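Each remark here refers to the structure printed beneath this line.
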Amino acid sequence: MEEHRSQKLRLKDVLQISPENAKSWTPESLGDLPWHFLRKIMALNGMARNTSLDYMAPDYQQSSEDKEELNTDDSISCLSDANAMNPLDVLCAVLLCSDSFLQQEILSKMSMCQFALPLLLPPLDTPKCTLMLWAMRDIVKKWRPHSLAESRGFREESLVLTKMPTISFVRLGSCSFSKSKLLNDVLSPSQQHHDFFIHRDMDSGHVLRNVSDGLVEISWYFPGRRGNLDLFLEPVAVINLHGDIEPHWLQFGFLTNVSCSVFIFVESVSEKNYLLLSALKESATKYYFIFNIPTGISSETQTFCDKLVSELKLNKSQLLVKDSSQNKAKFVKKLQNLLGCIMKSSPKKINIEDMAVIARELGIQVDEDCKACQTGRKWAREIAAEIKDTGKYKKAMFRLQGDPWKKLAKVEKELCRMRRQGGIPSEKYRSQLKAELSELRAQQNKCDLTDGLTKFIMGLNQLAPLEKHFFLKWLKFRLDCIARENLSELRDQYKEKYNTLGDDPKKLSELDELISISSLGLEHFMRELAQFYEAECSMMEEGKVAKSGRQFTHLPGIAADLMLEGFPMELIDGDASNIPLQWVTDVLTQLHAKLGGRSRMVVLTVLGVQSTGKSTLLNTMFGLQFAVSSGRCTRGAFMMLIKMAEKFQQELGCDFILVIDTEGLKAPELARLEDSYQHDNELATLVIGLSDITIINMAMENATEMKDVLQIVVHAFLRMGEIGQKHNCHFIHQNVSDVSAHDQNMRDRKHLLEQLNEMTKAAARMEKKSKEIKFSDIMDYNPEKHNWYIPGLWHGVPPMASVNMGYSESVCDLKKSLFELMRSRSINRTPKEIPQIIEWVRSLWNAVKHENFIFSFRNSLVAEAYNQLSVHYSKWEWDFRKKVHLWVSQQETAIQNSSPHELDKGKLKYELQKKLVDGEKRILDCLQNYFDSAAANLHLIEKYKEDFIRSAKGLKKELDSNSFSKCEEAIQIQKGRYMIKNIQIEYMNKIEEKVDRLLKECWKRKQKLNNKNLESEFEKMWRESLSELSFTPLQTRLIYQNMEFQLRKDLENRGSEVNQKLQEAGSLRDYVKKSVTSENEYFVFTLFKAVKTSVTAIKELFRPQLPCNTDEFAKSLRDKCQSYTEKKIKSKADYDETFCRELLNIINEKLQQADLHELHISAFFEVNLKFHILGEAACAFQKMHEDFNKENDPQQHLERLKPQYFSTFRDLYLEKDTCQETAKNLCDQCLRPALVEYVNKILGIEIVDDFLSKGQSLEYGSQSFFQFAVQKKLLEEMNFDNYVKYINSYEEFVKSWILRHLLDHYRESESLRVMEEQILTAVINKVNKALENSKYKKTNTVSAFLDNFCRLLQQDLVIPRDILAGIRLKITANAEQFSVYIENFLPNLKELILSEFKKLEVVSVLSNLSVKPEDEIFKRVFGCGKQCPFCKVPCEAGAPAHEEHFASVHRPQGLGEYRSIRTKILSYDICSSAVVSNGTFRCTATKWKDHPYKDYLIFFPDWRIQPDPSITASDYWKFVFKEFNHQFAKEFDALPADLPEDWGKITKEQALEGLKEAFTLKARTG
């Protein structure tokens, strides 16, 4: 402790949690003893004064060797005084090294343990003694004086202010018996001995005192029971001077001045003693002598005693003799009676403050006289001097936290719950409530700071840290004192009124109210500052206060400093049942900044019935003193920080423990209120939601209350379990003292678990949760490990009871267990940091206010974790899709290079399945690894994991179906092509024979033919050959008929009405130019058959139910089918029947969607729609078929090859080297189209990768990010038409948005050209490798060389070898040279292709790609496509196979075309408000009957409409609606909405802020 003599130990140093706190610790050296005392006394352990060194544990088994050692002389030193210190020396050393606040805490704990307290510290580091007045300031005692015994009243007062008789005990010379031990007997009731003072017969009490001689200790006796059970009828102070009075005359002189009586213990009196004592003859204090005469009195003693009796005028009662023959109990009783007589004789009464005055006169130091303490006292006195009546003072000085704050709390909750809405439209009612909130804040902001509050702020601002600490402590003492006095008077009045008026509810309730508001503490000052701050923030947000004109911006920083100093901060105001959210947020933000961002925390909460010792439990465990105003229990919830020692932070995985203490549940003063159960539920839900570890404190005698508390707690745990917060729970059973409690209560624990399971099931039913659920499903709870049986706090009956040793030890074990739990949890779970705690407070409180937990709780932490998982899943999904796309591309190429007999569907199916299984496994492994990783807040989204697993399985199924159908289609097309190619080859072979024959004939002629002659001969041969060939033209099919046949087959079993419609329908050709419009016959209104309602009126009623009207729906479906048709036409294949079947599948899937099915669309609409779409497609497919026939007609095909045949013929005749030219033709006419096709197949995939890896990665990372980006851009552009497209044609809008974004991006970037070059380079490298390989084959002919070359590239390129007519002619050319020529042409070919790509517009490049980037990105961000049944906002769920739909923010329903049927005025209700209002809705699902919005889940169980995270979250759509109200009305053929006034005040900037808040992207987007 030596180092702390100058640098004093602080309270927060001692409270800091270190490894020693987490384990049993035994002192090993004398230097450890002060620390041992500190730890034990802070834990209220009665063994704290045991200051001997224990070398062996209690269960240590001695070996024979140990026994031998004990018999040696050396071992005696182990037991000697050298291994112990006198406890008084330890106490003095600790107090000497402690600062004022730690001294105060030590003495408070010693007082609870009923240890005597140091009154005068001997002069150690000071010239004279020190009176410990400040150190005792914090001690408050309750007792029942004899005068109040009958009425069972009590007094409560600060110990230093309580006046009482003071009796001192000293000794003169040495004494053979222990004075301190005798005093303990005198102050202890019979059968309940307690060691108040340390005496020589205690452990280490016999050890020589080194520094504590002259220490003056004080103890008290306070009566607490009735009649003769109390030793004394009134309080009495007993002072004990340790040591002889002769060397400590100053202390003795002080005692003679403060005491009404002084007892002097003597064994002998010498002349020197006589002269010393005779000086007391002038003193008014009464002296008593206790003579201890073990062997008889000496003559000298007798002589001087007689003189003293005369000199001091002593009577017989003032002389007591204690000899060895006297019964000890009898002597103690005699002494007790004597003290009782002294107290009855109306002695002078004095308190410790009065003692301080006398001490100063004698030159004794007083600990309060330091400058910092006096400065703090002066500031506190100035504030407290104004307080007479606490109730009146609070009303006058704390104007903001009274009625205005309570009204604000009510309005805030009403804004969420809308119980008093009546017939007012939801948004109008919300606007009224917002206006009321604004007005209340404005009223608060108009208030000026009162004098008391101004002084309080100045004190916090201007005082040095130490002075500020003293100031706050002094203020607390003064406030508590005043509150106690006020409360005492009110209780007396209440008792008097109750006895005189009887049970007069009105009068008593008035007094009840006065009692409830009589408390006054520092929390009320801080609460008022919070309200000033919140009001100013509110006014600034509304633009009524300039940022530069703010006065209170510094207040959160001050509050954060106080938290760091160990002061509690109010989280929930128990009086108003509300949280000052902005204040709490900014204080915690400041705290995070002051900690340098190192704020990892484990949150620990204690809940339980009122007055079951929650605060005491926390005090014992962690030494915390929560801000509890005198005369009442904790109200609301307070939080305090406990710092972890640096070396312990890594081990436990956190920097602090944040402890939350709560008001007692089932509080009697709240029980009469209607919503007391709800209040308790709210409190429990909030604090359990915030905590990592929850301690449920239960007193065993309160069985009924315990059951109620368990119900509240189970509800809260259930709610938190649903949002991924699975907490640890400990049940503390207080007042169970039996040593076998844990074993004896095994059945009780089993019964408790059964109760908890039953309550969990009941709570799940109340929370509308369908699945069976147990307590262990929602809570980390082990009945054996997480139940604690703790004895009662007091050993005996207060106020003279000491703390039970069993209580202290049990709490210590609990504390160690909690640290072990934190250590194990830190491995798997990242602790919360302050920003996360802020978000949890905000979102949990929002949920509490909405009474909305289970189904719709998603705060920004949940949203962020979910979005991050969605982003990762999108990457894994794209990787899977990409691999399958590449595989399909390879197979399509291979199929086109194969003959029909080589194609094996079974093999393809097997390969595909293997690839799909691997891909699915890879995603599932990635998903599991992600959940096993250390990513933040994964436990919050555990329940969504199953959605993503289902999505992976669904993706595999989708890719299986799509990929195999592509392969099947490629095989079907190849078979058709192969048949045609065979016909073409047959004719080509005949032509080649003719060319060969002509060539031989020309060679035989003697005359050399020139070019003209050659051309003439060739032309003549060509005409003759064609005339000889009997060409069979390709058959032209009537696609219309084929498609119409399939269409009629599709509709043949749809009933007589459809059959009649089919008969009336003409040919598909007739539908090409028709449009699908909303005809009356398209709807079936069976519900209205009995009602005389016009079809127009019915359509108007149905209109809001459509995702868009029928015209728009038809257009959307038509566009989708047209896109499919165009894709098939671009393939340049022949028409296949599968094309028509696929179109019918697309239409049927869309028509069978649940939302359309509920619209009662008639079969006529379906017939007309299908005829129209297939009519258009048939026209396109007919042309496609005819073009294909034309392109592949054998005669036409030969005509196209004619120039090549002639060229080959001429070159051969002239015996030119055709090798180079053939190689060039190969590159130009074969390789070039093949390479371009390859680039187009791969480029789409590469574009997706490139686009998503650049700046667009965040925007397209998930549906939520995409929605935010789109809406932000729309706000910037403020184009009405774009908004209409976004709302009404969402799918089309998204596709065009993505395409536009792609086009803009690649027009401005060179990355498209880079990708084209990279892909082309890669495939040309493959071509070069194939050429190299073919060289080594040593092929004799170019034709054989080409066969091998094409085979090597058949997985990559489709090379149309037949184009090179003449190559098949029997020519002899050098294959190796041919290969070299090709190699030489490749660089130029590459440049040529790249230059052609460069000439193309980006839109042309994209249109030629096999994999459309816009389609792949669309799949990534479009989601399921479901829209809110009310406002049509799209679902944002990231897992494709999700079970519930949700959106970050909902729109006014008028944007979904909702309007009043009667007035046609657009509705401006917002779903997120409507679902908590008293409003109703009707639709086809409700059979057009009004149904409460609150029960919307009955009809739309897969939608989760969440309340807005704040009142500004929906500002975006309010602004849009306000700006375009008239345009929307015109567009929707309705009347403009009658919008609330406050919507008109929303600015574009506020709309953007609302958007950021709604998507929880404020931090990310600035």
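The values are calculated or read from the model by the stated rules, or taken from the named source; none is laboratory data. Just so it is clear, the structure is predicted and the values come from calculations on it, not from any experiment. Every residue, glycine as well, gets a Cβ built from its backbone with ideal geometry; the counts of neighbours run over all protein chains shown. Only protein heavy atoms, including side chains, enter the accessible area calculation; ligands, DNA and RNA are left aside. Shrake-Rupley method; radii C 1.70, N 1.55, O 1.52, S 1.80 Å.
Structural remarks
- Cα-based shape type of the stretch 98-184, given that a ≥ b ≥ c are square roots of the gyration tensor eigenvalues and the cut on a/c is 1.5: oblate
- Computed FRET value (nearest 0.05) for residue 1374 with residue 922, which takes r as the C-beta separation and R₀ as 51 Å: 0.55
- Taking the inverse of the mean 1/r over every pair of distinct Cα atoms in the stretch 1491-1549 gives a Kirkwood hydrodynamic radius of 13.8 Å.
- Global geometry of the stretch 506-563, whether rounded, prolate or oblate, following the gyration tensor of its Cα atoms and the 1.5 cut on a/c: oblate
- Compactness of the stretch 1195-1252 is given as radius of gyration and Dmax, 18.0, 59 Å, from Cα positions.
- By the rule of a C-alpha distance below 14 Å, with chain neighbours fewer than 8 residues away ignored, the aspartates and glutamates paired with residue 378 are 368, 369, 386, 467.
- Space enclosed by the convex hull of the alpha-carbon atoms of the stretch 87-140, per residue, Å³: 72 Å³
- Rounded accessible area of residue 1531 (nearest 10 Å², 1.4 Å probe): 90 Å²
- What the Cα atoms of the stretch 1110-1150 give is an Rg and a Dmax of 11.1, 34 Å.
- Of 1000/1202; 128/179; 761/849; 875/957, those spanning more than 22 Å from alpha-carbon to alpha-carbon: 128/179; 761/849
- The alpha carbon convex hull volume per residue for the stretch 309-362 rounds to 155 Å³.
- Label-point separation, residue 1464 to residue 1328 (7 Å along Cα→Cβ), nm: 7.3 nm
- Size descriptor, Kirkwood hydrodynamic radius, that averages inverse alpha-carbon separations across the stretch 109-249, Å: 16.4 Å
- Between residue 350 and 164, 166, the built amide H atoms are under 5 Å apart, and every one of these is 5 or more places off in sequence or on another chain.
- HN-Hα J in Hz across the stretch 560-577 - Karplus 6.51, -1.76, 1.60, θ = phi - 60°, x for Gly and Pro: 5, 4, 5, 4, 5, 7, x, 7, x, 10, 6, 9, 10, 6, x, 6, 9, 6
- Cβ-Cβ distance of residue 990 and residue 1013, R₀ of 22 Å, FRET efficiency by 1/(1 + (r/R0)^6): the value works out to about 0.40.
- Counting only heavy atoms of the protein chains and using a 1.4 Å probe, residue 186 has close to 0 Å² of accessible surface.
- For the stretch 1207-1347, radius of gyration divided by Kirkwood radius, i.e. Rg to Rh on alpha-carbons: 1.25
- Using heavy atoms of the protein chains and a probe of 1.4 Å, the accessible area assigned to residue 3 is about 140 Å².
- Tail fraction, Cα-Cα pairs, the stretch 169-274, threshold 21 Å, whole percent: 40 percent
- Pair residue 1401, residue 945: separation of 7 Å Cα→Cβ label points (nm): 5.1 nm
- The convex hull drawn around the Cα atoms of the stretch 214-337, when projected onto a plane and averaged over every direction, covers 8.6 nm².
- When 910, 1040 are compared by accessible area at a 1.4 angstrom probe, the order from most to least is 910, 1040.
- Residue separation of residue 1273 and residue 1531 scaled by 0.36 nm, minus their Cα-Cα distance, works out to 90.7 nm of gained length.
- Taking a straight line from the alpha carbon of residue 1004, these lysines sit under 19 Å away, with near neighbours fewer than eight places off in the same chain left out: 994, 1012, 1020, 1216, 1370.
- Unit Cα scatterers, Debye sum, the stretch 751-851: log10 I(q)/I(0) for q = 0.19, 0.21, 0.22 Å⁻¹: -1.11, -1.11, -1.12
- Sites residue 1310 and residue 419, calculated FRET efficiency, Cβ-Cβ separation with R0 56 Å, nearest 0.05: 0.35
- Largest first, the extents of the alpha carbon coordinates of the stretch 272-313 on the three principal axes equal 33, 17, 16 Å.
- Maximal additional length on extending the residue 965-residue 772 stretch stands at 65.2 nm, based on 0.36 nm per residue less the C-alpha distance.
- Point-to-point label distance, residue 1062-residue 1027, nm (Cα→Cβ direction, 7 Å offset): 5.4 nm
- The listed residues 1187, 448 rank as 448, 1187 when sorted by accessible area, largest first, using a 1.4 Å probe.
- Counting lysine pairs in the stretch 208-353 that sit 8 or more residues apart in sequence, or on different chains, and whose Cα atoms lie under 12 Å apart gives 6.
- Extension gain, residue 1498 back to residue 1045 (0.36 nm per residue minus Cα-Cα distance, nm): 158.7 nm
- With the convex hull drawn over the C-alpha atoms of the chain, the volume per residue is 255 Å³.
- When the stretch 508-639 is reduced to its Cα atoms, the Kirkwood hydrodynamic radius in Å: 16.6 Å
- In terms of its C-alpha gyration tensor, the stretch 1419-1566 has an oblate overall shape, because the principal axis ratio a/c (a ≥ b ≥ c, square roots of the eigenvalues) is not below 1.5 and a/b does not outweigh b/c.
- Residue order for 1208, 893 - accessible surface, 1.4 angstrom probe, largest first: 1208, 893
- More than 17 angstrom apart: percent of Cα pairs within the stretch 416-460: 55 percent
- Backbone amide hydrogens, once placed in the peptide plane, bring residue 830 within less than 5 Å of 937, excluding anything fewer than 5 places away on its chain.
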